[in-house]
Every structure is written in C-alpha cells, then in structure tokens.
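Accompanying notes for the structure given below.
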Amino acid sequence: MLDIFLKTLPFFGVIGLGFAAGRVKFFTPEATAYLTKFVFYFALSAMLFGFAANLDLRALFSWAFVLAYTSATAFVWLLVAAVALFRGAKAEEAVFEAHTGVIGNVGFLGIPMLTMLMGQAAVGPVLLVLAVDLVVYSSILTLLIAGLREGRMSPAMFRALGLGLLRNPMIVSVILGMAWGATGWALPVPVNEFMTMLGAAATPCALFAIGASLAGRSAERWQVAGWLSFAKLVLHPAAAAMAALVLFPVERYAAGVMIAAASLPVAGNVFILAQHFGVAPQRVSTAILISTAASVLTVTAVIALVAG
C-alpha cells in the first residue's frame, strides 16, 4: 500500500499546491474559473479525443460492465435519497444528496490518475464510467429537479437535456474520438502531436484547478456532508465491487478499474449544478472538501486492494 500511496501522493500534492495558491489569494477565483475552462474545453477534451480515437470499440463496450456500474450506483443513489427523506429533507435536497453520493471526479482526477497508476488499458473502463455518470445520472438529476418544480415531464425538458449533453465537450470529444477510431485510420502526425501536446496539460492543470477551487469553499452541515463523503468514498466502491464481482461478473481488470473509479471523491460539477438549481450548494461544497481530503487515504487503499 505504501508503494501506491507514494504514487498517488504527487497527484494530491498538485491539488494541495492549488489549494494553497487559492488560500493565500495568489490564484484568484477568477483565475481558477479560467483555468477550469481551459481544462474542460481544451486540454481534457484533447486528451479524451486522443484516448477514444485509439480505442477498439468492440473491446471497449461491455454490457456486464455497464449493468454492474449502473446498478451499484443506483443502489447507493436510492440509499442516500432514502436517508435524506427520512431525515426530513425536501425532495429536491434528497435528489442532490443522492447525486453527491455517487458522482465522482472521474474527468479531472480519475482519467489522469487511474491511467497512470493502473495502465493505459484503464482508459476504456474509465470512459464507460464517465459516460454512465454524464449521460445517465446527470440526466436523471436534471429531469427529476425539473419535474419536481414543474409537477410534470414535458417534451421541452428532454429537448433541453439533449442539447445540454451535446454541448458538453467531454461527451463530444469522446464521441468524435470514437467515430474517428471506427474508421480504422491513424490520426495524421501533426494532429496526433497537437492532441498529445494539448492533452498533456490536462493532468497538472486539472489537479491544480481542483485545489484552487476547494480553497474558496465554505463549510456547512458537517454531519450531512460527512455522511455523503462516506457514501461516495466507501459505499459506492463497495457496491461496485459487489456488482462487478458477484452480480454481473466483469473481467477482473476492468472490475478493478470500475471499483477504483467509484472510490473517487465528489466531483466539482455537482457543486456547479447545486448552485445553478439553488439546492444545498454549501452542503455539496462541504462534501467535496471532506471527500477530496479523505480520498488521499481511501483512494490509495482501494487502488492497493484492486491492484493487489
């Protein structure tokens, strides 16, 4: 485990550096916002396109994998929502707490870290996890919140949801990369080198941006946020392990990547959505802060277990 810890330490070290820079105001919130935009729209998109363009689609997709991850996530989602409702939270808050308990930082942290620690073959399974999170669970969140507020589902909601997915650069870059990969053509050398150079900026910039964004977060309702962090860091990977190894047997290596991806801390975009809809943003923010800090140990432990 010490070996894995030493390998994960540089990733969390860059997050810590970003946090320190944001805390002392050397890196302002405005600078963090622009760095995040650069990563989201350019560097990470280039990395995802390059990965997807070199994947074998037939080897990538697995119904057992998708069913295992989707069902494990659904179990934890329903559990967290039920606990919130039992506690007396409003329906909208319960939906957001459930989303917080299952959506990990796969894009900014998972893709660079897991591919480096678990090998290039981890790219395919990680992209499947990212696809389920973005297409399935983000859609469920948006539709439920809209439905709760309007009292019904309308065609306009689905149209807006579809447009929103198509405007997400991570989804677009993966789809375009897979489309190119399906042709069987190699990327032209200048294009490949351009994507490689731009994509290389994704890892350090994304990690620094995570830390800098955490520096500006204020804490609220530590007990609830602690429970949500526990659900994300412990219950989610445990459910993924049960689903991938027992219920829907997945190839062992891919199952390990899935479990590691499920152990990642709460994603920053959950806070953006909470702020956008005006539902418990401080609670979500605190869960991101706690889960990211605790993940230094928990993610290391999970990766050590699945790698061992």
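Here, each number is a calculation from the coordinates, and none is a lab measurement. The shown structure was predicted, so the numbers you read here are calculated from the model rather than taken from an experiment. Counting neighbours? That spans all protein chains shown, and the Cβs are built from the backbone with ideal geometry, glycine included.
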### Task
Counting other Cβ atoms within 10 Å, keep those with at most 14, restrict to DSSP loop, and tell me which trypsin sites (Lys or Arg not before Pro) in region 10-66 are left.
25
## Note on the structure
Within region 1-78, DSSP-loop chymotrypsin sites (Phe, Trp or Tyr not before Pro) with at most 12 other C-beta atoms within 10 Å are 26
### Query
In Å, what Rg and Dmax follow from the Cα atoms of region 2-307?
18.5, 58
### Query
In a shell of Cβ-Cβ distance under 12 Å around residue 267, excluding residue 267 itself, what net charge do Lys and Arg (+1) and Asp and Glu (-1) give?
0
### Query
Going toward the positive end of the dipole of the chain, with +1 on Lys and Arg Cβ and -1 on Asp and Glu Cβ, which of 192, 15, 178 do you reach last?
15
## Note on the structure
Summing -39500 (n - 2.57) over every DSSP H run of at least 4 residues in the chain and dividing by its residue count gives a helix-only mean residue ellipticity at 222 nm, to the nearest 500 deg cm²/dmol, of -23500 deg cm²/dmol
### Query
In region 209-275, which trypsin sites (Lys or Arg not before Pro) are in a loop and have at most 15 other Cβ atoms within 10 Å, using DSSP for the loop call?
221
### Task
Only Lys, Arg, Asp and Glu count, each charged at its Cβ (+1, +1, -1, -1), so figure out the dipole size of the chain about its Cα centre, rounded to 20 debye.
460
### Summary
Stokes-Einstein D for region 194-308 (20 °C, 1.002 mPa s, Kirkwood Rh from Cα pairs), in µm²/s, comes to 139
### Task
For the chain, set up a Gaussian network in which alpha carbons nearer than 10 Å are linked by springs, and say which option among 244, 121, 255 fluctuates the most.
121
## Note on the structure
P(r) of region 1-155 over all Cα-Cα pairs, 5 Å bins starting at 0, rounded to whole percent, reads 2, 7, 12, 15, 16, 16, 16, 10, 4, 1, 0
